[in-house]
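Everything on this sheet refers to the single structure shown next.
The values are calculated or read from the model by the stated rules, or taken from the named source; none is laboratory data. Please read all numbers here as calculations on a predicted model, not as lab measurements. Every residue, glycine as well, gets a Cβ built from its backbone with ideal geometry; the counts of neighbours run over all protein chains shown. Only protein heavy atoms, including side chains, enter the accessible area calculation; ligands, DNA and RNA are left aside. Shrake-Rupley method; radii C 1.70, N 1.55, O 1.52, S 1.80 Å.
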Amino acid sequence: MTERTSAGILLYRRPTGPGGPLEVLLAHPGGPYFVNKDLGDWTIPKGEPDGLDEPLAEVARREFEEETGTTLDPAAPTIELGTIVQKGGKVVHAWAIEGELDPATARSNEFETEWPPRSGLRERFPEIDRVAWFEPDEARRRVKATQTPFIDRLEAALRG
């Protein structure tokens, strides 16, 4: 069995300027299974490599663009946040980048699934139905529990 791997970006900002409160951007999964789910179901924008030789940092940027419709500045410095293992065993690698994104303009790619289940009908849904900025404490409440170390590591890195 091969190890499932994803790579993602934790976008962050300080909306009131340097030294101000930190905010991180999280994504809410789209599709019918997540419509009524909130706390503990948000995620960093992330996805899987297209091939075995695709560098994970490039996967993270590509997936961020696919899931938010926003291209990150290729020259923007990154903070490596390491890896976590999600409940299902998927290994997630993450980087943080400082930047801005207006949640109202975010647009995600789509996936197709049978809906309703066992109906034989196929329907398309956005991979991410919305994104939002959260201060770290609220972000920890919203994000999948296994991804909270990314927020902790970002805060530690920014403290120096």
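Report the calculated FRET efficiency for THR5 and ASP102 (r = Cβ-Cβ distance, R0 = 22 Å), to the nearest 0.05.
Values: r = 30 Å, r/R0 = 1.37.
FRET efficiency, THR5 to ASP102: 0.15.
Based on the Kirkwood radius over alpha-carbon pairs, what is the Stokes-Einstein translational diffusion coefficient of the range 39-104 at 10 °C with 1.306 mPa s viscosity, in µm²/s?
On the way: Rh = 13.1 Å.
Calculated translational D: 122 µm²/s.
Round to a whole number: what % of the accessible area of the range 113-160 belongs to carbon and sulfur, probe 1.4 Å? List each step's numbers first, then the result.
Working: 1370 of 2890 Å².
Whole-percent figure for carbon plus sulfur exposure: 47.
I need to check one value: relative contact order of the chain, counting alpha carbon pairs closer than 8 Å and at least 6 residues apart, in percent. Numbers along the way, then the final one.
Values: 318 pairs, mean separation 50.9, N = 160.
Normalised by residue count, the contact order of the chain is 32 percent.
Taking every DSSP beta bridge that has both residues in the chain, what percent is antiparallel when rounded to the nearest 5?
Working: 23 of 32 bridges.
So the antiparallel bridges in the chain amount to around 70 percent.
Against the longest principal axis of the chain, how steep is helix 148-159, in degrees 0 to 90 to the nearest 10, with axes from Cα atoms?
So the inclination is approximately 20 degrees.
Short version: ³J(HN,Hα) in whole Hz for each residue of the range 54-71, in order, from phi by Karplus 6.51 cos²θ - 1.76 cosθ + 1.60 (θ = phi - 60°), x for Gly and Pro, what are they?
Once rounded to whole Hz, the list reads 6, x, 4, 5, 6, 4, 4, 5, 4, 5, 4, 5, 4, 8, 10, x, 10, 8.
Provide the packing ranking of 51-57, 69-75, i.e. peptides ordered by the mean count of other C-beta atoms within 10 Å per residue, highest first. Before the final figure, lay out the partial values.
Numbers: 51-57: 10.4, 69-75: 12.1.
Ranked from most to least packed, the peptides come out as 69-75, 51-57.
For the range 78-94, just list the computed ³J(HN,Hα) in residue order, Karplus coefficients 6.51, -1.76 and 1.60, θ = phi - 60°, integers in Hz, with x standing in for Gly and Pro.
10, 10, 6, 9, x, 10, 9, 10, 6, 3, x, x, 5, 8, 10, 9, 9
What accessible area per residue comes out for the chain, rounded to a whole number of Å², with a 1.4 Å probe? Please report the intermediate quantities before stating the final value.
Numbers: 8870 Å² over 160 residues.
On a per-residue basis, 55 Å².
At q = 0.13, 0.18 Å⁻¹, what base-10 log of I(q)/I(0) does the Debye formula yield for the chain when every alpha carbon is treated as an equal point scatterer in vacuo?
Those come out to -0.60, -1.16, one per q.
Taking the simple approach of a point 7 Å from Cα along Cα-to-Cβ for both LEU121 and ARG159, what is their distance in nm?
5.2 nm
Defining a contact as two alpha carbons under 8 Å apart and six or more residues distant in sequence, what relative contact order in percent does the range 77-123 show?
Numbers: 40 pairs, mean separation 11.8, N = 47.
Relative contact order for the range 77-123 comes out at 25 percent.
Given the C-alpha atoms of the range 69-160, compute the convex hull and give its volume per residue in Å³.
Taking only Cα atoms, the range 69-160 has a hull volume of 143 Å³ per residue.
What distance in nm separates the simple spin-label points at ARG14 and ASN36, each placed 7 Å from Cα in the Cβ direction?
About 4.3 nm separates the two model spin labels.
Within 10 Å of each candidate Cβ there may be at most 10 other Cβ atoms; applying that plus a DSSP loop requirement, which GluC sites (Glu not before Pro) in the range 1-102 survive?
Working: sites: GLU3, GLU23, GLU58, GLU63, GLU65, GLU66, GLU67, GLU80, GLU98, GLU100; in loops: GLU3, GLU100.
Taking the range 1-102 and a limit of 10 other Cβ atoms within 10 Å, the loop GluC sites (Glu not before Pro) found are GLU3, GLU100.
Using alpha carbons only, how many angstrom separate the centre of the range 31-55 from the centre of the range 104-160?
With the range 31-55 and the range 104-160 each reduced to a Cα centre, they are spaced 6 Å.
Can you pull out the trypsin sites (Lys or Arg not before Pro) in the range 109-160 that DSSP calls coil and that have at most 16 other Cβ atoms within 10 Å?
Working: sites: ARG118, ARG122, ARG124, ARG130, ARG140, ARG141, ARG142, LYS144, ARG153, ARG159; in loops: ARG118, LYS144.
Filter output for the range 109-160: ARG118.
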